[in-house]
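Here the structure comes first, spelled out in structure tokens, and everything after it is commentary.
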Amino acid sequence: MNILMLYPAYPDTFWSFKHALKFISKKAAFPPLGLLTIASMLPSEWNKRLVDLNVEKKLKEKDLQWADMVFISAMLVQKESARELIRQCKERGKTVVAGGPAFTAQMDQFPEVDHFVLNEAEATLLPFLRDLEAGETKRVYDSEERPEITNTPIPMWSLINVQDYATMPVQYSRGCPHDCEFCDIIIMNGQKPRTKTSQQMVQEFQALYDEGWRGSVFIVDDNFIGNKQKAKKMLPELAEWQRERDYPFTLLTEASLNMADDEELMRKMSQANFNKVFLGLETPNLESLKECGKTINANRDMEESVRIIHQHGMQVMAGFILGFDQDTESIFDAQIRFIQRIGVVTAMVGILGAIPRTRLWNRLKAEGRLLNETSGDNTDGSINFMPKMGIERLLLGYRRVISTIYSPKQYYDRIYTFVKNFQPTARNRISRDEVKALIKSVFRIGIFSRSCFLYWKLILKTAFTKIRALPTAIELAIYGHHYEKVAKKCRQAISNYVQRTSGCSDSVSQ
């Protein structure tokens, strides 16, 4: 049987890095880890082909003609592209099998799909395959089971050209011990973290290494330190593997802010060559932290925690949210001051969104405040519920925040704050892509952008005061080019929306 695996296109979002990828001549940020893992779980005698619409410009007719069956996976933010792919497949009479977060959350929005294999594939794919073999397939395969992932196979990396991507993904654990009201992690993966073994992680790293990959690896866990003791036991083995091969990978992951409380954990992460970590900081408003259940942030000095992590060689990237019920109009200036003060350069500020089946979604539904389905992108200026402060007030405040923090001066000021506290520990090879990125940044940012003076000031100052942080400073300057374009697109969308609904062009002038 010929299986065509399709991954829909991402829109131009904060995390797409579309405008930054041009500097390193890469086609997409990350490959589809879920589909690559599913490929390894399908019968070995089946023929598999993967088409990533973030790499390919369009789905080719020859690929559709080759396929006996189509497997498609998507995040919520990819649902429009997913719908188009499904339409093309059905027009040609193909059987479509769908799974992943978009389909698990909003199955009813995809009526053309023949079979849904939902939630975790380790629990639902095998029953589908058995029924398929018996000729007795159902439309929906679902399970609340939280399977162990110690038998999850290594992704089938041979289906892609790894050099098309900026970063390779690996998963160590699923689940998060916290229960934030807005988050769907515990719905998808549970509140009790499940981990792979140290041996599995070494094998997965080796598989990527054998495929020829060198560079950034994203450990895509819901919360890498959900089980800190197991993580600390596994990390030395990763560190040893890295050391023996002269540190071919630099690592990044997602975690929670309490990692700053554990000196041993941070030291072991640094030794394993982690250089970035994404944290959900959310808001400086204590009442909003309590409202959403982010208690792990509520009883600490978040600025000091970020500084500690920076001093252990890991750049903090962070998510921030506007639109909590406890937020007043003062939150916009407070959020700007907070982000600038703590020196988080990659600051993803988004509007609160109600994701289906979360505690927030259920509460807002009960209160009659849901307006529509979420777009899956909390940085596009869309709102799917009625905020306490009102839609227009929230949108205009949000626009002011992103206009400020991604203006060149404010952005470069954050880089200086970060570099001052940052103590680089990662062992990083200078690749041809990085040299290419530097050269392109000189022309695109250093000469032909409104940030040119700030760019050269940053380069020279970092070179003379903290030379080891220079590669990171250049990378952040390039990311700023991307963030500024995404912010501009969002500002325009907000302006258009407010003009349509208020008819008052003066209040939304840029």
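Here are the numbers:
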| quantity | calculated |
| --- | --- |
| Within the stretch 262-290, tally of residues that are in a helix (DSSP H, G or I) and either surrounded by 17 or more Cβ atoms within 10 Å (Cβ to Cβ) or touching a Lys or Arg at 6+ places or on another chain (Cβ under 8 Å) (or both) | 9 |
| Every pair of residues 6+ apart whose Cβ atoms lie under 9 Å, when the first sits in the stretch 36-60 and is over 15 Å from residue 84 (Cβ atoms) and in contact (Cβ under 8 Å) with a residue 60 or more places away in the chain while the second is basic (Lys, Arg) and crowded, with 20+ Cβ neighbours inside 10 Å | 39/48; 42/48 |
| Of the criteria (1) buried (at least 22 other Cβ atoms within 10 Å of the Cβ); (2) modelled with pLDDT of 95 or more; (3) over 18 Å from residue 102 (Cβ atoms), which one residue 6 fails | (3) |
| Which listed residue is surrounded by 15 or more Cβ atoms within 10 Å (Cβ to Cβ) and at pLDDT below 95, from 187, 154 | 187 |
| Scope the stretch 1-57; condition closer than 30 Å to residue 488 by Cβ and among the aliphatic types (A, V, I, L, M); matching residues | 9, 20, 21, 24, 28, 29, 53, 55 |
| Test result for residue 306, part of a strand (DSSP E or B) and either crowded, with 23+ Cβ neighbours inside 10 Å or among the aliphatic types (A, V, I, L, M) (or both) | no |
| Any hit, the stretch 220-233, residues being exposed (fewer than 15 other Cβ atoms within 10 Å of the Cβ) and out of contact with any Gly (no Cβ under 8 Å at 6 or more places or on another chain) | yes |
| Number of positions in the stretch 9-36 that are surrounded by fewer than 19 Cβ atoms within 10 Å (Cβ to Cβ) and under 24 Å from residue 104 (Cα atoms) | 4 |
| Evaluation of residue 395 against (1) within 25 Å of residue 223 (Cα to Cα); (2) buried (at least 23 other Cβ atoms within 10 Å of the Cβ); (3) out of contact with any Leu (no Cβ under 7 Å at 6 or more places or on another chain); (4) among the hydrophobic types (A, V, I, L, M, F, W, C) (one fails), failing number | (1) |
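The values are calculated or read from the model by the stated rules, or taken from the named source; none is laboratory data. The structure presented is a predicted model; accordingly, all values stated were derived computationally and were not measured. In this analysis, Cβ positions are derived from the backbone assuming ideal geometry, glycine residues included, and neighbour counts consider all displayed protein chains.
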